[in-house]
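Here's the structure, in structure tokens; my notes come after.
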Amino acid sequence: MRIIIYTGKGGVGKTSVSAATARRLAKMGYRTLLMSTDSAHSLGDSLGVDIPADVYNLDKNLDVLEIDIIHEMRTRWSDISDYITSFLTSQGLGDITAEEMAIIPGMEMIAALFYVLQFKENDDYDVIVMDTAPTGETLRLLSFPDISNWYIDRFYSMFKRLMSLARYTVSKIIDLPIPNKKVIASIDEMKDKMLEVRDILEDPATTIRLVLNPERMVINETMRTYTYTCLYNKTVECLIVNKIYPREELKSDYFKERLEAQDKYMEEIDHAFSPLKIFNAYQMSTELRGPEKLDMLADMLFGDSDPSEVYETESPMKFESEGDIDKLIVKMPFVKKDMIEMFRSDNDVLIIKVGSHKKTITLPLTLKDAEVLGAELNNEVLTISLKRKNVAK
Ligand SMILES: Nc1ncnc2c1ncn2[C@@H]1O[C@H](COP(=O)(O)OP(=O)(O)OP(=O)(O)O)[C@@H](O)[C@H]1O
Ligand SMILES: [Mg+2]
């Protein structure tokens with residue numbers, strides 16, 4: 001199953017591009033799901049229809065799903081959320097606040113991924129197009145393998161311990177609600193699903209497309225996102241440059257400066273993100289809303305090509321051996337030396353930190369206990385050299 005995730009800064013056109021792509025794919029005969037994880041849903045607005053809370057068949061081959069996390073917590077995850085809510089209420093929080101608190105940030109994404117899992121198991125779709133909230137949330141999604149590790153290793157075992165404690169002792173002493181079998185089963189299920197979700201995210205058929213506009217602040221944020229996606233070892237497959245002012249149509253002096261700046265930015269995008277494939281769409285003169293306009297957008301972007309194609313497959317992170325030295329090579333676009341920090345934790349874990357984002361890399365078994373010889377950054381590629389521990393003494 002192909003999964004295309006569109007991300008980018010607020011307002012650049014993620015929702016429109018996602019809807020346009022999904023409509024095109026459905027028309028081409030792919031069983032398509034257009035899914036939104038942005039809690040401020042706007043797929044309905046973009047498509048010009050009202051979308052109910054569950055999977056909704058909009059057109060031939062085209063279903064739509066807007067994840068509503070409160071609905072999810074009340075239905076699919078009601079056991080866990082009721083427990084957390086009653087736990088928080090027992091701690092003195094009011095009902096409503098407790099219900100809100102039971103929602104962990106990023107839950108929309110996790111809920112969306114659980115759906116994806118189910119669709120994959122049932123072979124419901126050929127392609128899922130994901131429209132996301134502005135950048136931050138997608139980065140959270142990409143760090144999911146790390147986060148789920150954390151959940152599974154620490155949170156989960158701690159939670160289980162706490163629960164057994166509550167079951168046998170604490171509940172008698174202080175008044176804590178006791179998690180019942182259903183809650184525990186729910187948590188076990190969540191844990192298993194997290195592991196499966198990780199595989200989906202790491203699948204090369206799941207790719208990221210960055211949507212941007214030819215504007216300074218948007219380009220800057222897109223560069224940062226590109227850096228972080230590389231750090232999370234996720235392939236950015238192409239760029240979608242949207243809302244380009246059409247030079248031919250805007251000849252008056254009023255737009256002169258704007259167009260000149262735009263030319264400069266277009267060149268910069270080309271240069272900075274090369275060799276990524278770039279698709280362009282012009283700013284339309286009318287409101288971009290409803291099926292016809294979306295189809296015009298898809299035509300502008302993809303011409304006659306198939307938008308489900310995977311345009312880039314090389315992953316940003318790889319291991320190579322050179323003699324008895326092993327190298328971890330990480331593509332690090334737009335990064336300067338002093339922006340990178342590296343840590344070693346345990347014997348087989350390397351942590352690379354860039355800005356506020358960090359990637360935990362578990363070294364392959366052969367490199368457990370390996371000595372880090374050094375790291376260098378050349379042409380936006382970080383190379384970490386490791387020497388295997390000499391076992392034959
Ligand atoms: N090529 C275009 N021509 C004209 N209008 C456009 C174009 N692309 C997007 N728009 C308009 O820009 C606005 C923002 O687009 P859209 O909702 O798709 O962006 P978004 O990135 O999903 O925003 P958000 O971050 O708020 O979710 C909408 O009103 C949309 O109709
Ligand atoms: Mg949107």
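The values are calculated or read from the model by the stated rules, or taken from the named source; none is laboratory data. Computed from a prediction, not measured in an experiment: that's the story for all the values here. Heads up, the Cβs are rebuilt from the backbone with ideal geometry, glycines too, and the neighbour counts pull from every protein chain shown.
Residues in segment 226-258 that are aliphatic (A, V, I, L, M) and within 15 Å of ligand 1 (Cβ to nearest atom): L239, I240, V241, I244, L250. Could you check, for segment 285-295, whether at least one of its residues is within 23 Å of I351 (Cβ to Cβ), loosely packed, with under 15 Cβ neighbours inside 10 Å and modelled with pLDDT under 95? Within segment 285-295, none of the residues are within 23 Å of I351 (Cβ to Cβ), loosely packed, with under 15 Cβ neighbours inside 10 Å and modelled with pLDDT under 95. A single member of M190, M217, M223, M194 is part of a helix (DSSP H, G or I), more than 16 Å from ligand 1 (Cβ to nearest atom) and modelled with pLDDT of 90 or more, and it is M223. Of the residues making up segment 259-300, those that are part of a loop (DSSP other than H, G, I, E, B) and within 12 Å of ligand 1 (Cβ to nearest atom) are Q283, M284, S285, T286, E287, L288, R289, G290. Candidates H71, H41: the one that is away from ligand 2 (no atom under 16 Å from the Cβ), of a type outside the set (S, T, Y) and under 24 Å from R140 (Cα atoms) is H71. Checking each residue in segment 13-25 for being more than 9 Å from ligand 2 (Cβ to nearest atom) and either within 15 Å of the chain's Cα centre (by Cα) or not charged (D, E, K, R) (or both) picks out V17, A19, A20, T21, A22, L25. For segment 314-337, the count of residues that are free of Cβ contacts under 8 Å to residues at least 40 places away in the same chain and assigned to a helix (DSSP H, G or I) is zero. For segment 54-67, the criterion of being within 17 Å of K27 (Cβ to Cβ), within 16 Å of ligand 2 (Cβ to nearest atom) and surrounded by 15 or more Cβ atoms within 10 Å (Cβ to Cβ) is met by at least one residue. The condition (being of a type outside the set (D, E, K, R) and within 17 Å of the chain's Cα centre (by Cα)) is satisfied by just one residue among I80, I70, I4, I51: I4.
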